[in-house]
Amino acid sequence: MSHRICLPALIAATLLLAATWASLGPVAAQDWPNRPLTMVVPTAAGGGADILGRILAARMAELLGQPVVIENVGNAVASTNRVAKAQPEGYLVHFGNTAHYAYHPTLYKTPVYNPRTEFAPVGLLLEQPYLLVARNDLPVGNLREFAAYVKANQHKLQFGSGAGTGSGNHIVCEMANAAMGVKVTHVPYRDIGPLTQDMIAGRIDYQCPLPGTMIPLIETNRVKGIATLGKQRLAGLPNLASAHEQGLTDFDGTVWWGFFLPKGTPEPIVRKLNAAAIATIDTPAVQQRLAATAATVVAPERRSPEYLQKFVASEIDKWAAPIRASGALIE
C-alpha cells in the first residue's frame, strides 16, 4: 500500500504546531521552571568547562528551585548543535564559549549551525585566559625560549587539545603557533585527563588548557607553565608571566562564557534565566570559587541577552582573520 503525503496539509499542520507553541509561550513561561534543567557542558567531566559549569549550576538550582543537571558532551560542535536543534522550552541550556560561537563559522568550511540565527542568547557571564603549558622536561624557561625551541624542533613535536578538533584549546594553540611562526602536529583528545597524563609522561609536548585543572599541576612542578595567554598575570599563578609581557603583544588567548537557549524560546523564559544567571555570578561564594579557576565575571552592562547577541556577531568578525591566518580550517 502506498502512502501519499499531502504537502498543503503537512504545511498547515506545521504552522498550526508553531502557532500553538507561540500561544502557549506566555503560559509556559509563567510556570517555568517546573522540572529540572539540563546544562550542556562542552567537555568531559573534570575538564575546565565542567568545573565552571558545576560552580554555576549549584547556585542556579537554589535560585530556580529546580535541579540543574550537568550533561557532559565532550565535543565542541556536538554540544552546541544539541542545543540548536532542541525544543525551545527553556530546559536545555548551553554553557558555551568563544570556540562554539565566534570561531565556528570561520573554522568550518561547512558550518554545522549558525551562531547568529539559531540560538536565543541569554547572557555573557565569565572571562578566563587559556594557559600555555609544556611537559616538565622541555628545556625552556620562558616563552621566548619556548618559541625558539619549537621553531627548531617543530617537525617532531606534538601539541594536544583536551576537547578535540575545533575546541577552544585547539584553536588558541593553533593561533599561538601561528604567532610564533611554527607549524606543529595537533593530537586531539576527547578529555583533558588522558591528554595531561600523556604530557606528564612525555608523550605530548604542550597544550593550551584552561587554568582550573592546571594551577595545582604547575604549582607542584608536574607540568611547566610557559605563559598565561591573556593580557595579565593570574592571581593564582603570580609568577607565571603573560604572553603579552613576554613579547606576544598582539595576542589574546582569553575565552568568554555565556548561556544560550534554542531559538524560539519564549522571551520571559530567557529573561528569567538571565536573572538567575546574574544572581548566580553576583553571589560572593560563587565569585570566590570562580576566582580559584582564574575566571572573572563580566561587567553588569555586558550581561543582557541583547548585548550577547551583538557581541557574538562582533566576535565572529573579530576572529575570522586570525583563524584563517593560523591555517586551522576544518573541511
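Laboratory data are not the source of any read-out in this text; all were calculated from the coordinates shown. Because the structure is a prediction, the values reported are computed rather than measured. Cβ: placed from backbone, ideal geometry, glycine included. Neighbour counts: every protein chain shown.
Say each of residue 136 and residue 285 gets a label point 7 Å from the Cα, pointing the same way as Cα to Cβ; how far apart are those two points in nm?
Inter-label distance under the simple model: 3.5 nm.
Given just the C-alpha atoms of the chain, how large is their convex hull per residue in cubic angstrom?
Measuring per residue, one finds 159 Å³ for the Cα hull of the chain.
In the calculated pair distance distribution of the stretch 25-106, what percentage of Cα-Cα distances lie above 18 Å?
That fraction is 44 percent.
Name the shape class, rounded, prolate or oblate, that the alpha-carbon gyration tensor gives for the stretch 68-121, where a ≥ b ≥ c are the square roots of its eigenvalues, rounded holds for a/c under 1.5, and otherwise prolate holds if a/b is larger than b/c and oblate otherwise.
Prolate shape, in that a/c is at least 1.5 and a/b is the bigger ratio.
For the chain, what is the percent of antiparallel DSSP beta bridges, rounded to the nearest 5?
Approximately 60 percent, going by the DSSP bridge assignments.
Quick one: which of 155-162, 230-237 comes out on top by average Cβ neighbours within 10 Å, and what's the full order, highest first?
By packing density, highest mean first, the sequence is 155-162, 230-237.
So how do 121-130, 300-309 stack up, highest first, on mean other-Cβ count within 10 Å?
The most tightly packed comes first, giving 121-130, 300-309.
Only bridges with both residues in the stretch 116-231 count here: give the DSSP antiparallel percent, nearest 5.
55
Nearest 20 debye, what's the magnitude of the dipole of the chain about its Cα centre given +1 on Lys and Arg Cβ and -1 on Asp and Glu Cβ?
So the dipole magnitude of the chain works out to roughly 360 debye.
Please report, to two decimal places, log10 I(q)/I(0) for the stretch 186-276 at q = 0.13, 0.18, 0.24 Å⁻¹ as given by the Debye formula with identical point scatterers on the Cα atoms and no solvent.
-0.62, -0.88, -1.21
So which lysines can residue 109 reach, going by Cα to Cα under 29 Å and dropping same-chain residues fewer than 8 places off?
85, 151, 156, 183, 263, 310, 318
When the Kirkwood radius is taken over all Cα pairs of the stretch 51-98, what Stokes-Einstein diffusion coefficient follows at 4 °C and 1.567 mPa s, in µm²/s?
110
Give me the tail of P(r) for the stretch 103-164 as a percent: Cα-Cα pairs with distance above 12 Å.
Pairs farther apart than 12 Å: 81 percent.
So how far, in whole Å, is the C-alpha centre of the stretch 86-136 from the one of the stretch 192-237?
The two parts, judged by their Cα centres, are 23 Å apart.
Mind checking the angle between helix 48-64 and the chain's longest principal axis? C-alpha axes, 0 to 90 degrees, to the nearest 10.
40
Taking Cα atoms, how many degrees apart are the long axis of helix 143-153 and the longest axis of the chain, rounded to 10 and kept between 0 and 90?
The helix 143-153 is inclined about 80 degrees to the chain.
In whole Å, what are the Cα extents of the stretch 158-227 along the three principal axes, biggest one first?
The Cα atoms of the stretch 158-227 stretch 30, 24, 21 Å along the principal axes, largest first.
Of the peptides 205-214, 71-80, how do they stack up when ordered by the mean number of other Cβ atoms within 10 Å, highest first?
205-214, 71-80
Using only Cα atoms and rounding to the nearest 10 degrees, what angle (0 to 90) does helix 267-281 make with the longest principal axis of the chain?
That works out to roughly 30 degrees.
Sorted from largest down, what three extents in whole angstroms do the Cα atoms of the stretch 219-327 have along their principal axes?
Projected onto its principal axes, the Cα set of the stretch 219-327 covers 48, 39, 24 Å.
Quick one: give the max-minus-min coordinate of the C-alpha atoms of the stretch 78-183 along each principal axis, largest first, in Å.
Extents along the principal axes, in whole Å: 53, 28, 18.
Rounded to the nearest Å, what's the spacing between the alpha carbon centres of the stretch 283-331 and the stretch 157-189? Just the number, please.
About 19 Å separates the Cα centre of the stretch 283-331 from the one of the stretch 157-189.
I need the calculated FRET efficiency for the pair residue 144 and residue 329, taking r as the beta carbon distance and R₀ as 41 Å, to the nearest 0.05.
0.90
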